[in-house]
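Only one structure is covered here, and it is reproduced in the block below.
The values are calculated or read from the model by the stated rules, or taken from the named source; none is laboratory data. Remember, it's a predicted structure, so these values are computed and weren't measured experimentally. Methodologically, a virtual Cβ is constructed for each residue, glycine included, from the backbone with ideal geometry; neighbour enumeration extends over all protein chains shown.
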Ligand code: SAJ
(Lines give C-alpha, C1' and ligand atoms only; values in the text may rest on other atoms or scores of the structure.)
Protein backbone atom coordinates (compact mmCIF):
# COMPACT_ATOMS: atom_id res chain seq x y z
CA UNK A 1 0.00 0.00 0.00
CA UNK A 2 2.75 2.41 1.00
CA UNK A 3 4.66 1.97 -2.26
CA UNK A 4 1.49 2.27 -4.32
CA UNK A 5 0.65 5.56 -2.61
CA UNK A 6 4.20 6.86 -2.93
CA UNK A 7 4.10 6.08 -6.66
CA UNK A 8 0.79 7.93 -7.07
CA UNK A 9 2.22 10.94 -5.25
CA UNK A 10 5.40 10.86 -7.31
CA UNK A 11 3.47 10.68 -10.60
CA UNK A 12 0.96 13.34 -9.38
CA UNK A 13 -1.78 10.80 -10.24
CA UNK A 14 -3.04 10.81 -6.63
CA UNK A 15 -6.30 12.63 -5.98
CA UNK A 16 -5.68 15.05 -3.10
CA UNK A 17 -8.41 16.07 -0.68
CA UNK A 18 -8.47 19.04 1.69
CA UNK A 19 -11.19 19.13 4.36
CA UNK A 20 -11.94 22.67 5.51
CA UNK A 21 -11.41 25.48 2.97
CA UNK A 22 -10.47 28.39 5.21
CA UNK A 23 -7.27 30.41 5.59
CA UNK A 24 -5.29 27.16 5.99
CA UNK A 25 -7.11 24.69 3.71
CA UNK A 26 -7.65 26.79 0.61
CA UNK A 27 -4.04 27.98 0.13
CA UNK A 28 -2.85 24.40 0.77
CA UNK A 29 -5.35 22.95 -1.74
CA UNK A 30 -4.10 25.33 -4.42
CA UNK A 31 -0.44 24.50 -3.74
CA UNK A 32 -1.26 20.85 -4.53
CA UNK A 33 -3.26 21.86 -7.62
CA UNK A 34 -0.43 24.08 -8.87
CA UNK A 35 1.96 21.12 -9.07
CA UNK A 36 -0.51 19.10 -11.13
CA UNK A 37 -2.61 17.09 -8.69
CA UNK A 38 -6.37 16.83 -9.09
CA UNK A 39 -7.60 18.40 -5.86
CA UNK A 40 -11.05 18.15 -4.29
CA UNK A 41 -11.77 20.60 -1.50
CA UNK A 42 -14.49 19.46 0.91
CA UNK A 43 -16.36 21.96 3.05
CA UNK A 44 -19.68 21.78 4.86
CA UNK A 45 -20.58 25.32 3.74
CA UNK A 46 -22.55 25.15 0.47
CA UNK A 47 -22.00 28.91 0.06
CA UNK A 48 -18.22 28.61 0.21
CA UNK A 49 -18.32 25.61 -2.17
CA UNK A 50 -20.46 27.49 -4.68
CA UNK A 51 -18.29 30.60 -4.58
CA UNK A 52 -15.05 28.64 -4.93
CA UNK A 53 -16.37 26.69 -7.94
CA UNK A 54 -17.28 30.06 -9.46
CA UNK A 55 -13.67 31.18 -8.98
CA UNK A 56 -14.37 33.57 -6.08
CA UNK A 57 -11.86 33.36 -3.21
CA UNK A 58 -12.91 34.35 0.33
CA UNK A 59 -9.34 34.17 1.61
CA UNK A 60 -7.19 37.33 1.52
CA UNK A 61 -4.01 35.43 0.58
CA UNK A 62 -5.67 33.57 -2.33
CA UNK A 63 -6.29 35.74 -5.39
CA UNK A 64 -9.51 34.80 -7.21
CA UNK A 65 -7.58 34.91 -10.50
CA UNK A 66 -5.31 32.08 -9.31
CA UNK A 67 -8.27 30.07 -8.01
CA UNK A 68 -10.30 30.61 -11.18
CA UNK A 69 -7.45 29.42 -13.38
CA UNK A 70 -7.12 26.16 -11.43
CA UNK A 71 -10.89 25.61 -11.39
CA UNK A 72 -11.07 26.15 -15.15
CA UNK A 73 -8.09 23.80 -15.66
CA UNK A 74 -10.05 21.14 -13.79
CA UNK A 75 -7.29 20.94 -11.15
CA UNK A 76 -9.40 22.18 -8.23
CA UNK A 77 -13.03 21.71 -7.40
CA UNK A 78 -14.97 22.23 -4.18
CA UNK A 79 -17.73 19.99 -2.90
CA UNK A 80 -20.06 19.64 0.07
CA UNK A 81 -20.82 16.05 -0.89
CA UNK A 82 -19.18 13.79 1.69
CA UNK A 83 -19.19 10.77 -0.61
CA UNK A 84 -16.55 12.51 -2.77
CA UNK A 85 -14.08 11.75 0.05
CA UNK A 86 -14.03 8.21 -1.34
CA UNK A 87 -12.15 9.42 -4.46
CA UNK A 88 -9.28 10.85 -2.46
CA UNK A 89 -5.89 9.13 -1.99
CA UNK A 90 -4.63 11.69 0.56
CA UNK A 91 -6.63 14.03 2.80
CA UNK A 92 -5.41 17.03 4.83
CA UNK A 93 -7.83 18.19 7.53
CA UNK A 94 -7.80 21.92 8.30
CA UNK A 95 -10.95 22.55 10.30
CA UNK A 96 -11.33 24.93 13.29
CA UNK A 97 -10.40 23.83 16.82
CA UNK A 98 -11.93 26.58 18.97
CA UNK A 99 -12.03 26.60 22.75
CA UNK A 100 -15.32 26.40 24.60
CA UNK A 101 -16.13 29.22 27.06
CA UNK A 102 -14.78 26.90 29.78
CA UNK A 103 -11.41 26.98 28.00
CA UNK A 104 -11.86 23.28 27.17
CA UNK A 105 -11.07 22.12 23.60
CA UNK A 106 -14.06 22.05 21.28
CA UNK A 107 -13.31 19.05 19.04
CA UNK A 108 -16.69 19.12 17.24
CA UNK A 109 -15.25 19.95 13.83
CA UNK A 110 -12.35 17.49 14.05
CA UNK A 111 -14.70 14.70 15.12
CA UNK A 112 -17.13 15.51 12.31
CA UNK A 113 -14.30 15.45 9.77
CA UNK A 114 -12.84 12.23 11.18
CA UNK A 115 -16.25 10.52 11.14
CA UNK A 116 -16.92 11.62 7.55
CA UNK A 117 -13.54 10.25 6.49
CA UNK A 118 -14.06 7.00 8.42
CA UNK A 119 -17.37 6.51 6.59
CA UNK A 120 -15.61 6.93 3.23
CA UNK A 121 -12.12 5.59 3.81
CA UNK A 122 -10.47 2.82 1.82
CA UNK A 123 -7.14 0.94 1.84
CA UNK A 124 -4.27 3.08 0.57
CA UNK A 125 -5.58 6.34 2.05
CA UNK A 126 -3.35 8.90 3.82
CA UNK A 127 -4.94 11.26 6.36
CA UNK A 128 -3.09 14.23 7.87
CA UNK A 129 -4.61 16.36 10.66
CA UNK A 130 -3.42 20.01 10.54
CA UNK A 131 -5.74 21.66 13.03
CA UNK A 132 -4.02 22.89 16.20
CA UNK A 133 -5.00 20.54 19.03
CA UNK A 134 -3.92 18.86 22.26
CA UNK A 135 -1.11 16.29 22.10
CA UNK A 136 -2.56 12.81 21.62
CA UNK A 137 -5.53 13.84 19.43
CA UNK A 138 -4.31 12.04 16.29
CA UNK A 139 -3.57 8.79 18.08
CA UNK A 140 -6.43 8.82 20.60
CA UNK A 141 -9.24 10.34 18.55
CA UNK A 142 -8.43 9.76 14.85
CA UNK A 143 -6.72 6.32 14.82
CA UNK A 144 -9.54 4.36 16.54
CA UNK A 145 -12.06 5.62 13.99
CA UNK A 146 -9.98 4.25 11.13
CA UNK A 147 -9.39 0.95 12.91
CA UNK A 148 -13.14 0.68 13.64
CA UNK A 149 -13.56 0.81 9.86
CA UNK A 150 -11.41 -2.33 9.70
CA UNK A 151 -8.19 -0.66 8.54
CA UNK A 152 -4.75 -1.02 10.11
CA UNK A 153 -2.89 2.28 10.48
CA UNK A 154 0.62 2.02 9.06
CA UNK A 155 -0.31 -0.78 6.67
CA UNK A 156 -3.73 -0.25 5.02
CA UNK A 157 -4.01 3.45 5.80
CA UNK A 158 -1.55 6.11 6.91
CA UNK A 159 -2.13 8.76 9.59
CA UNK A 160 -0.04 11.79 10.57
CA UNK A 161 -0.18 15.24 12.17
CA UNK A 162 1.29 18.33 10.54
CA UNK A 163 0.78 21.71 12.25
CA UNK A 164 -0.49 24.61 10.14
CA UNK A 165 1.83 27.61 10.22
CA UNK A 166 -0.19 30.05 8.15
CA UNK A 167 0.15 33.69 9.13
CA UNK A 168 -2.55 35.49 7.13
CA UNK A 169 -1.29 38.58 5.34
CA UNK A 170 2.37 37.82 6.02
CA UNK A 171 4.21 39.28 3.02
CA UNK A 172 7.25 37.00 3.43
CA UNK A 173 6.10 33.64 4.79
CA UNK A 174 3.38 31.65 3.02
CA UNK A 175 2.13 28.06 2.76
CA UNK A 176 4.79 27.13 0.19
CA UNK A 177 7.95 28.50 1.81
CA UNK A 178 7.21 27.94 5.52
CA UNK A 179 8.95 24.76 6.76
CA UNK A 180 6.40 21.97 7.32
CA UNK A 181 6.68 19.69 10.37
CA UNK A 182 5.27 16.18 9.82
CA UNK A 183 4.88 13.38 12.39
CA UNK A 184 3.23 9.99 11.70
CA UNK A 185 1.73 7.24 13.83
CA UNK A 186 4.34 4.90 12.31
CA UNK A 187 7.51 5.56 10.27
CA UNK A 188 5.63 4.54 7.12
CA UNK A 189 2.98 7.17 7.97
CA UNK A 190 5.69 9.80 8.39
CA UNK A 191 7.24 8.75 5.08
CA UNK A 192 4.08 9.03 2.98
CA UNK A 193 2.91 12.22 4.70
CA UNK A 194 6.34 13.78 4.07
CA UNK A 195 6.14 12.72 0.42
CA UNK A 196 2.70 14.34 0.13
CA UNK A 197 3.92 17.76 1.30
CA UNK A 198 7.34 17.48 -0.39
CA UNK A 199 5.44 17.46 -3.69
CA UNK A 200 4.60 21.15 -3.33
CA UNK A 201 6.23 22.70 -0.26
CA UNK A 202 9.83 23.83 -0.03
CA UNK A 203 10.98 22.28 3.25
CA UNK A 204 9.69 19.23 5.16
CA UNK A 205 10.68 18.58 8.80
CA UNK A 206 9.86 14.94 9.67
CA UNK A 207 9.56 14.17 13.41
CA UNK A 208 9.19 10.83 15.20
CA UNK A 209 5.54 10.86 16.29
CA UNK A 210 2.20 12.63 16.02
CA UNK A 211 2.53 13.84 19.63
CA UNK A 212 5.87 15.44 18.77
CA UNK A 213 4.31 17.30 15.84
CA UNK A 214 1.29 18.33 17.92
CA UNK A 215 3.57 19.68 20.65
CA UNK A 216 5.78 21.60 18.18
CA UNK A 217 2.85 23.85 17.32
CA UNK A 218 1.84 24.30 20.96
CA UNK A 219 5.40 25.19 21.94
CA UNK A 220 5.60 27.78 19.12
CA UNK A 221 2.49 29.60 20.25
CA UNK A 222 2.95 29.12 24.00
CA UNK A 223 6.39 30.66 23.53
CA UNK A 224 4.66 33.78 22.18
CA UNK A 225 1.95 33.89 24.83
CA UNK A 226 4.48 33.57 27.70
CA UNK A 227 6.85 36.20 26.26
CA UNK A 228 4.00 38.60 25.63
CA UNK A 229 2.87 38.00 29.21
CA UNK A 230 6.40 38.81 30.38
CA UNK A 231 6.54 42.18 28.61
CA UNK A 232 3.01 42.98 29.76
CA UNK A 233 4.22 42.45 33.31
CA UNK A 234 7.21 44.68 32.51
CA UNK A 235 4.66 47.34 31.49
CA UNK A 236 3.12 47.11 34.97
CA UNK A 237 6.57 47.16 36.62
CA UNK A 238 7.67 50.21 34.60
CA UNK A 239 4.43 52.06 35.35
CA UNK A 240 5.01 51.61 39.08
CA UNK A 241 8.62 52.77 38.75
CA UNK A 242 7.80 55.66 36.40
CA UNK A 243 10.00 54.19 33.65
CA UNK A 244 9.05 54.07 29.96
CA UNK A 245 8.70 50.35 29.19
CA UNK A 246 9.14 50.98 25.45
CA UNK A 247 12.50 52.61 26.02
CA UNK A 248 13.56 49.64 28.18
CA UNK A 249 12.52 47.10 25.53
CA UNK A 250 14.09 49.00 22.63
CA UNK A 251 17.36 49.25 24.51
CA UNK A 252 17.24 45.56 25.53
CA UNK A 253 16.59 44.67 21.88
CA UNK A 254 20.02 46.07 20.97
CA UNK A 255 21.46 42.92 22.54
CA UNK A 256 22.55 41.02 19.41
CA UNK A 257 22.14 37.58 20.98
CA UNK A 258 19.97 35.85 23.55
CA UNK A 259 17.08 38.30 23.38
CA UNK A 260 13.91 38.45 21.24
CA UNK A 261 11.76 41.59 21.22
CA UNK A 262 8.14 41.40 22.25
CA UNK A 263 5.99 44.45 22.98
CA UNK A 264 3.36 45.14 25.64
CA UNK A 265 -0.19 45.85 24.59
CA UNK A 266 -3.83 45.98 25.70
CA UNK A 267 -3.98 42.16 25.85
CA UNK A 268 -3.75 39.42 23.24
CA UNK A 269 -6.20 38.59 20.49
CA UNK A 270 -6.44 36.33 17.48
CA UNK A 271 -7.46 32.73 17.09
CA UNK A 272 -4.03 31.25 17.88
CA UNK A 273 -2.11 32.82 20.75
CA UNK A 274 -4.90 33.26 23.28
CA UNK A 275 -6.23 29.77 22.58
CA UNK A 276 -3.51 27.30 21.55
CA UNK A 277 -1.69 27.15 24.92
CA UNK A 278 -4.96 26.15 26.60
CA UNK A 279 -5.00 22.95 24.55
CA UNK A 280 -1.78 21.93 26.27
CA UNK A 281 -2.95 23.15 29.71
CA UNK A 282 -6.16 21.14 29.32
CA UNK A 283 -4.34 17.92 28.35
CA UNK A 284 -1.87 18.26 31.22
CA UNK A 285 -4.75 18.77 33.68
CA UNK A 286 -6.00 15.33 32.67
CA UNK A 287 -2.56 14.08 33.71
CA UNK A 288 -2.73 16.00 37.01
CA UNK A 289 -0.05 18.49 36.02
CA UNK A 290 -0.56 22.28 36.21
CA UNK A 291 1.21 24.13 33.40
CA UNK A 292 2.04 27.19 35.47
CA UNK A 293 3.73 29.26 32.74
CA UNK A 294 0.69 28.93 30.47
CA UNK A 295 -1.74 29.75 33.24
CA UNK A 296 0.29 32.71 34.54
CA UNK A 297 0.81 34.20 31.06
CA UNK A 298 -2.89 33.84 30.35
CA UNK A 299 -3.72 35.50 33.69
CA UNK A 300 -1.47 38.50 33.01
CA UNK A 301 -2.48 38.87 29.36
CA UNK A 302 -6.18 38.75 30.19
CA UNK A 303 -5.88 41.41 32.90
CA UNK A 304 -4.38 43.96 30.47
CA UNK A 305 -7.75 45.33 29.22
CA UNK A 306 -8.72 46.22 32.82
CA UNK A 307 -5.38 47.99 33.23
CA UNK A 308 -6.07 50.01 30.07
CA UNK A 309 -9.43 51.08 31.52
CA UNK A 310 -7.70 52.04 34.78
CA UNK A 311 -5.30 54.26 32.80
CA UNK A 312 -8.27 55.88 31.06
CA UNK A 313 -9.94 56.52 34.43
CA UNK A 314 -6.74 58.09 35.79
CA UNK A 315 -6.34 60.25 32.69
CA UNK A 316 -9.94 61.49 33.01
CA UNK A 317 -9.47 61.98 36.72
CA UNK A 318 -6.62 64.39 36.10
CA UNK A 319 -9.16 66.39 34.10
CA UNK A 320 -11.61 66.10 37.02
CA UNK A 321 -13.87 63.90 34.91
CA UNK A 322 -15.50 60.63 35.93
CA UNK A 323 -15.55 57.73 33.48
CA UNK A 324 -19.33 57.77 33.87
CA UNK A 325 -20.71 59.92 31.06
CA UNK A 326 -17.33 60.65 29.46
CA UNK A 327 -17.05 60.22 25.71
CA UNK A 328 -14.27 57.78 24.86
CA UNK A 329 -13.00 57.19 21.33
CA UNK A 330 -11.34 53.78 20.92
CA UNK A 331 -8.86 53.91 18.05
CA UNK A 332 -8.28 50.50 16.37
CA UNK A 333 -10.31 47.41 17.36
CA UNK A 334 -8.82 44.60 15.19
CA UNK A 335 -6.70 42.15 17.19
CA UNK A 336 -3.47 43.41 15.62
CA UNK A 337 -2.37 46.18 13.29
CA UNK A 338 -3.33 46.44 9.63
CA UNK A 339 -5.79 43.53 9.55
CA UNK A 340 -9.58 43.36 9.85
CA UNK A 341 -9.82 40.32 12.16
CA UNK A 342 -11.66 40.89 15.42
CA UNK A 343 -11.36 37.40 16.92
CA UNK A 344 -10.64 37.55 20.66
CA UNK A 345 -9.63 41.21 20.21
CA UNK A 346 -8.78 42.90 23.54
CA UNK A 347 -10.64 45.95 22.23
CA UNK A 348 -13.86 44.06 22.91
CA UNK A 349 -12.94 43.81 26.60
CA UNK A 350 -11.80 47.44 26.79
CA UNK A 351 -15.11 48.63 25.32
CA UNK A 352 -17.16 46.33 27.57
CA UNK A 353 -15.34 47.44 30.73
CA UNK A 354 -15.67 51.13 29.84
CA UNK A 355 -19.39 50.72 29.21
CA UNK A 356 -19.78 48.87 32.49
CA UNK A 357 -18.59 52.14 34.04
CA UNK A 358 -21.20 54.00 31.98
CA UNK A 359 -18.77 55.66 29.58
CA UNK A 360 -20.11 56.70 26.17
CA UNK A 361 -17.84 54.66 23.89
CA UNK A 362 -17.41 54.96 20.10
CA UNK A 363 -14.67 53.42 17.94
CA UNK A 364 -12.84 54.12 14.73
CA UNK A 365 -11.03 51.39 12.79
CA UNK A 366 -10.18 51.83 9.10
CA UNK A 367 -10.22 48.03 8.62
CA UNK A 368 -13.37 47.22 10.61
CA UNK A 369 -16.43 49.13 9.34
CA UNK A 370 -18.71 47.37 11.82
CA UNK A 371 -18.89 44.39 14.14
CA UNK A 372 -21.49 42.61 16.27
CA UNK A 373 -20.84 42.01 19.95
CA UNK A 374 -23.23 41.02 22.74
CA UNK A 375 -26.04 41.02 20.20
CA UNK A 376 -25.68 44.57 18.93
CA UNK A 377 -24.06 46.10 15.91
CA UNK A 378 -21.38 48.79 16.27
CA UNK A 379 -20.16 50.99 13.44
CA UNK A 380 -16.82 52.72 13.04
CA UNK A 381 -17.20 56.52 13.34
CA UNK A 382 -15.45 58.77 10.86
CA UNK A 383 -12.22 60.16 12.28
CA UNK A 384 -13.19 63.81 11.88
CA UNK A 385 -11.57 66.72 13.73
CA UNK A 386 -14.82 67.10 15.65
CA UNK A 387 -14.82 63.45 16.72
CA UNK A 388 -11.22 63.69 17.94
CA UNK A 389 -11.68 66.93 19.85
CA UNK A 390 -15.10 65.98 21.24
CA UNK A 391 -13.74 62.87 22.96
CA UNK A 392 -12.84 63.25 26.62
CA UNK A 393 -10.17 60.60 25.99
CA UNK A 394 -8.83 58.78 22.92
CA UNK A 395 -7.52 55.22 23.56
CA UNK A 396 -5.19 53.71 20.98
CA UNK A 397 -5.89 49.98 21.29
CA UNK A 398 -4.62 48.85 17.87
CA UNK A 399 -2.02 50.90 16.03
CA UNK A 400 -3.05 50.67 12.38
CA UNK A 401 -0.40 52.23 10.15
CA UNK A 402 -2.89 54.32 8.15
CA UNK A 403 -3.81 56.62 11.08
CA UNK A 404 -2.10 60.05 11.40
CA UNK A 405 -1.16 59.92 15.09
CA UNK A 406 0.26 63.46 15.11
CA UNK A 407 -3.21 64.69 14.16
CA UNK A 408 -4.68 62.59 16.98
CA UNK A 409 -2.26 64.10 19.51
CA UNK A 410 -2.92 67.60 18.18
CA UNK A 411 -6.69 67.40 18.48
CA UNK A 412 -7.44 65.05 21.38
CA UNK A 413 -7.72 66.29 24.98
CA UNK A 414 -5.91 63.21 26.29
CA UNK A 415 -4.50 60.10 24.59
CA UNK A 416 -4.04 56.72 26.29
CA UNK A 417 -1.56 54.97 24.01
CA UNK A 418 -1.32 51.19 24.61
CA UNK A 419 0.91 50.57 21.55
CA UNK A 420 3.50 53.39 21.69
CA UNK A 421 2.03 54.70 18.43
CA UNK A 422 2.62 58.32 19.53
CA UNK A 423 6.30 57.86 20.40
CA UNK A 424 8.49 60.71 19.18
CA UNK A 425 5.58 62.90 18.06
CA UNK A 426 5.53 66.65 18.80
CA UNK A 427 3.36 67.17 21.93
CA UNK A 428 0.05 68.53 20.67
CA UNK A 429 -2.98 69.73 22.58
CA UNK A 430 -3.34 66.34 24.15
CA UNK A 431 -1.68 65.20 27.32
CA UNK A 432 -0.57 61.65 26.68
CA UNK A 433 -1.29 59.36 29.61
CA UNK A 434 0.98 56.66 28.41
CA UNK A 435 1.68 55.60 31.98
CA UNK A 436 -0.52 54.54 34.88
CA UNK A 437 0.61 57.64 36.81
CA UNK A 438 -0.54 60.66 34.72
CA UNK A 439 1.52 62.96 36.96
CA UNK A 440 4.47 61.35 35.25
CA UNK A 441 2.76 61.56 31.84
CA UNK A 442 4.79 63.21 29.11
CA UNK A 443 3.83 66.85 28.52
N1 LIG B 1 1.05 40.80 20.62
C2 LIG B 1 1.55 41.59 21.64
N3 LIG B 1 2.90 41.73 21.73
C4 LIG B 1 3.76 41.10 20.87
C5 LIG B 1 3.22 40.29 19.87
C6 LIG B 1 1.86 40.15 19.75
O7 LIG B 1 0.81 42.17 22.42
O8 LIG B 1 4.97 41.28 21.02
C9 LIG B 1 -0.40 40.61 20.53
C10 LIG B 1 -0.97 41.06 19.20
O11 LIG B 1 -1.35 42.41 19.25
C12 LIG B 1 -2.17 40.13 19.04
C13 LIG B 1 -1.74 38.85 19.74
O14 LIG B 1 -0.67 39.22 20.61
O15 LIG B 1 -3.30 40.66 19.68
C16 LIG B 1 -1.27 37.77 18.79
O17 LIG B 1 -0.34 38.37 17.94
P18 LIG B 1 0.64 37.49 16.98
O19 LIG B 1 1.66 38.42 16.43
O20 LIG B 1 1.09 36.28 17.66
O21 LIG B 1 -0.28 37.18 15.73
P22 LIG B 1 -1.24 35.98 15.43
O23 LIG B 1 -2.25 35.70 16.46
O24 LIG B 1 -1.71 36.25 14.05
O25 LIG B 1 -0.26 34.72 15.47
C26 LIG B 1 0.09 34.12 14.27
C27 LIG B 1 0.58 32.75 14.67
N28 LIG B 1 0.74 31.95 13.48
C29 LIG B 1 0.35 30.67 13.52
O30 LIG B 1 -0.17 30.17 14.49
C31 LIG B 1 0.57 29.90 12.30
C32 LIG B 1 1.91 32.86 15.37
O33 LIG B 1 2.46 31.54 15.55
C34 LIG B 1 2.87 33.68 14.56
O35 LIG B 1 4.12 33.74 15.23
C36 LIG B 1 2.29 35.07 14.42
O37 LIG B 1 1.09 34.92 13.63
C38 LIG B 1 3.24 36.00 13.70
O39 LIG B 1 4.46 35.88 13.96
O40 LIG B 1 2.74 36.85 12.97
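Among the candidates 168, 96, single out the residue that is in contact (Cβ under 8 Å) with a residue 12 or more places away in the chain and closer than 21 Å to residue 283 by Cα.
Details: 168 fails: closer than 21 Å to residue 283 by Cα.
Exactly one residue qualifies, and that residue is 96.
Residue 87: touching a strand residue (DSSP E or B) at 6+ places or on another chain (Cβ under 6 Å) and exposed (fewer than 14 other Cβ atoms within 10 Å of the Cβ), yes or no?
For residue 87, the condition - touching a strand residue (DSSP E or B) at 6+ places or on another chain (Cβ under 6 Å) and exposed (fewer than 14 other Cβ atoms within 10 Å of the Cβ) - is met.
So if I check each of 318, 298, which one is within 30 Å of residue 393 (Cα to Cα) and either surrounded by 16 or more Cβ atoms within 10 Å (Cβ to Cβ) or within 16 Å of the ligand (Cβ to nearest atom) (or both)?
On the way: 318 fails: either surrounded by 16 or more Cβ atoms within 10 Å (Cβ to Cβ) or within 16 Å of the ligand (Cβ to nearest atom) (or both).
After applying the criteria, what remains is 298.
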Are any of the residues in the range 161-181 buried (at least 18 other Cβ atoms within 10 Å of the Cβ), in contact with a helix residue (DSSP H, G or I) (Cβ under 8 Å, 6 or more places away or on another chain) and assigned to a helix (DSSP H, G or I)? no
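Being in the same structural domain as residue 29 (by TED's automatic domain parsing) and either part of a loop (DSSP other than H, G, I, E, B) or buried (at least 24 other Cβ atoms within 10 Å of the Cβ) (or both) is the requirement here; does residue 139 meet it?
Numbers: in the same structural domain as residue 29 (by TED's automatic domain parsing): yes; either part of a loop (DSSP other than H, G, I, E, B) or buried (at least 24 other Cβ atoms within 10 Å of the Cβ) (or both): no.
For residue 139, the condition - in the same structural domain as residue 29 (by TED's automatic domain parsing) and either part of a loop (DSSP other than H, G, I, E, B) or buried (at least 24 other Cβ atoms within 10 Å of the Cβ) (or both) - is not met.
Where in the range 326-401 are there strands (runs of 3 or more DSSP E), lying wholly inside it, with at least 2 residues that are within 16 Å of the ligand (Cβ to nearest atom)?
Working: elements: 327-331, 360-364, 370-373, 376-379, 393-396.
So the answer is 327-331, 393-396.
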Of (1) over 29 Å from the mean Cα position of the chain (by Cα); (2) under 14 Å from residue 19 (Cα atoms), residue 129 satisfies all except one. Which? (1)
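Which residues, counting only those in the range 246-274, are assigned to a loop (DSSP other than H, G, I, E, B) and more than 9 Å from the ligand (Cβ to nearest atom)?
Start the filter on the range 246-274 by keeping residues that are assigned to a loop (DSSP other than H, G, I, E, B), which leaves 253-274.
253, 254, 255, 256, 257, 258, 259, 260 - these are the residues of the range 246-274 that are assigned to a loop (DSSP other than H, G, I, E, B) and more than 9 Å from the ligand (Cβ to nearest atom).
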Being in contact with a helix residue (DSSP H, G or I) (Cβ under 8 Å, 6 or more places away or on another chain) and either within 15 Å of the ligand (Cβ to nearest atom) or over 13 Å from residue 27 (Cα atoms) (or both) is the filter here, so list the residues in the range 190-208 that pass it. 191, 192, 195, 196, 199, 201, 204, 206, 207, 208
Odd one out for residue 345 among (1) surrounded by fewer than 23 Cβ atoms within 10 Å (Cβ to Cβ); (2) in contact (Cβ under 8 Å) with a residue 40 or more places away in the chain: (1)
Quick check on this structure: which one of 216, 237, 243, 231 is assigned to a helix (DSSP H, G or I), more than 13 Å from the ligand (Cβ to nearest atom) and without any contact (Cβ under 8 Å) to a residue 60 or more places away in the chain? 237
